[in-house]
Amino acid sequence: MKKYIYSLVMAVSMITMSSCESNFDANIYGTLSTTNFPKTGDDFESYMMECYLPFCSHWSYKLADYNQRQWFCATGGINKYFDSTADDMTQTVIVTYGGGWTEITQCYFENFKTAPRTASDGYPNHFEKIRDITRFTQVIQTLEDAEPNTTFSAQKKAELTGEARLLRGMMMYYMLHVFGPVPVIVDASKIGVAEEEAYLVRPTLKEMVQYITDDFEYAAANMAEKQKEQGRYTADFARFFLMHHYLNEGYHMDGYYQKAYDMFNQFKGGYSLFTEGTNPYLDQFSVNHKFNSEVIMAMPCSTAGTGGAATGNMNCMTYYCFPGDASAKDDNGESLLPFANQNRGAGSGWRQCFAISKDFYDSFEEGDLRKDGIITRYYSKNGYWVDESKLGDLWDGYIVNKYNPESSTTQYQGNDVALARWADVLLMYAEADVRAHNSVSQSAINAVNQVRQRAGISDLSADKTSSVNAFMDALLEERGHELWFEGQRKIDLIRFNKYYTTMSALGRTPTSEYIPLPDYAVEQAKNSGHTLEQYFTRDNYDGPKK
């Protein structure tokens, strides 16, 4: 398939192109009028594909008026907001990039109020994505209004509408977990109405949750079960997000825990844990094992990606994880993998903006294969070893090496970025079972033990399955060990009501549960006669309300 992304502005538009996946070929049609586009099935598919832009990995994208950071790019996406702010990460003070990087790892969110509208490395501001949600709403309405024809069947119409609604739901899902509920337009009749577009007021949590639920449920029921191209979203990916969403919101939404439990048996892909190699946990992320049996969805990347849309997705994680002074060879002249292949063979990263906490590393059990992706020492170009004894002196924390560099030709890697794995579903199933039924079943225990066995460690001990509370504590720890640096951790800690207490115990007391909305948005709402609350705190937050 060829991927087309359009920027339709009023009556006439010039086409802009991007590539969410290196296998997609961009194609430029020229100048199109909204009077003759979209009409065919290919037209409508191309029109919908624009909604993928925020979920790629380039340095930035632009759907509305301002450049934005993409959710799956390490620079300012889910790793920064949901790992940097959690216990799998340490605070970066010695080696960092700009005040925003340091402050977010300290869980000091106050200065994010001054974030600009456009993309920024220090304070990337996702609030402007409310404009993208409006854009998605218009795309969805166009699809819903379309009359099926010989090239655009009713089934294809439903599938594309479901795909667009999944993407809108994902956008609202991430916005909710960064800021809390935000003003959104999900009713196309409000687009272009000045009073509606100026209504910058937070919806209630229940309203925002319902918007997301409606989109995910429609997507799960209508999307294609299998796509021709790897990296194109499927109904199972919608089910994955639904399962997470039901668990996140089950404490205040009736029946959500049971829905999460029931969702487990609705996956269609026949997934299983990846078990090949000497360390199957890490091997599943290698270039040689793209879209293996465990992958529900991944963002395809290639070594051709350099940060621009035309070259496809880049995996730039190691660029932000490997220390800039790391050497490709040790003091005996031996090559040090993975450093030997990083940064075009120079053996170093850029700045170690992401670093694993020693406390988190020490929490792994002896023999746990998952911690082998964390590097605890390296040889510096300055002629000495940097190890645990130098923490707090020469470096802030250990090295994230989940995506082991396998190419010496680029500073970015061809490893796909994991977005949804069966291991996560197994752990969610165990959690849903216990939350829905308020007891620890053997099925829940078995699901967790499958994940542990793949990691090379023994089953949960009897004391960790003896009560609901003990099991939930063990499950939260297990999720951290399995899903570190996959953009889940802060959301998990909040769902388990342990965010404030966990981070405070580490000396990184959060200034608020969520990132406050930017000052300019609060002022803009005020000028329109509305009140946009700058902070949001859940009723069950384990810390003080802001």
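Amide H to amide H distances under 5 Å link ASN315 with SER302, GLN413, where only residues 5 or more positions off or on other chains count and H is placed in the peptide plane.
Using alpha-carbon positions, what is the distance between the centroids of the stretch 139-195 and the stretch 321-361, in Å? Using only Cα atoms, the two centres lie 43 Å from each other. The residues of the chain expose on average 37 square angstrom of accessible surface per residue, using a 1.4 Å probe on protein heavy atoms. Computed from backbone phi, the HN-Hα couplings of the stretch 346-363 come to 6, x, 9, x, 9, 9, 7, 6, 9, 8, 7, 5, 4, 4, 5, 4, 5, 7 Hz, rounded to whole numbers (Karplus: 6.51 cos²θ - 1.76 cosθ + 1.60, θ = phi - 60°; Gly and Pro given as x).
Rounded to a whole number, what % of the accessible area of the chain do carbon and sulfur atoms account for, probe 1.4 Å? Mind dumping the intermediate values first?
Working: 9380 of 20110 Å².
Carbon with sulfur: 47 percent of the solvent-accessible area.
Taking only the C-alpha atoms, wrap a convex hull around the stretch 98-249 and report its volume per residue in Å³ as a whole number.
On the way: hull volume 22.0 nm³, N = 152.
Convex hull of Cα atoms, per residue: 144 Å³.
Here the Karplus relation 6.51 cos²θ - 1.76 cosθ + 1.60, evaluated at θ = phi - 60°, turns the backbone of the stretch 126-142 into coupling constants of 8, 4, 5, 5, 4, 5, 5, 4, 4, 4, 4, 4, 5, 4, 4, 5, 4 Hz, with x for every Gly and Pro. Look at the alpha carbon pairs under 8 Å that are at least 6 residues apart: their mean separation over the length of the chain gives a relative contact order of 18 percent.
Classify the stretch 267-307 from the C-alpha gyration tensor, please: rounded if a/c falls under 1.5, else prolate or oblate depending on whether a/b exceeds b/c. Write down the numbers at each step before the final one.
Working: a/c = 3.54, a/b = 1.37, b/c = 2.58.
Oblate shape, in that a/c is at least 1.5 and b/c is the bigger or equal ratio.
Taking max minus min of the alpha-carbon positions on each principal axis, the stretch 442-524 gives extents of 54, 23, 22 Å, largest first.
For Cα Rg over 2.2 N^0.38 Å, pick the label among (1) 0.91; (2) 1.00; (3) 0.95 that corresponds to the value derived from the coordinates. Only one option fits the structure, namely (3).
For the stretch 228-279 and the stretch 370-431, what is the centre-to-centre distance using only Cα atoms, to the nearest Å? For the stretch 228-279 versus the stretch 370-431, the Cα centre distance is 26 Å. In sequence order, the stretch 46-56 has phi-based couplings of 4, 4, 5, 4, 4, 5, 7, 3, x, 10, 9 Hz under the Karplus curve 6.51 cos²θ - 1.76 cosθ + 1.60, θ = phi - 60°, and Gly or Pro positions carry x. With 29 Å as the limit, the listed pairs LYS268/LYS371; LYS498/LYS526; LYS62/LYS268; LYS113/LYS545 have LYS268/LYS371; LYS498/LYS526; LYS62/LYS268 beyond it between alpha carbons.
The values are calculated or read from the model by the stated rules, or taken from the named source; none is laboratory data. Note that the structure is predicted; figures quoted are calculated from it, not measured. Just the protein is used for accessible areas: all its heavy atoms, side chains included, with ligands, DNA and RNA removed. Shrake-Rupley method; radii C 1.70, N 1.55, O 1.52, S 1.80 Å.
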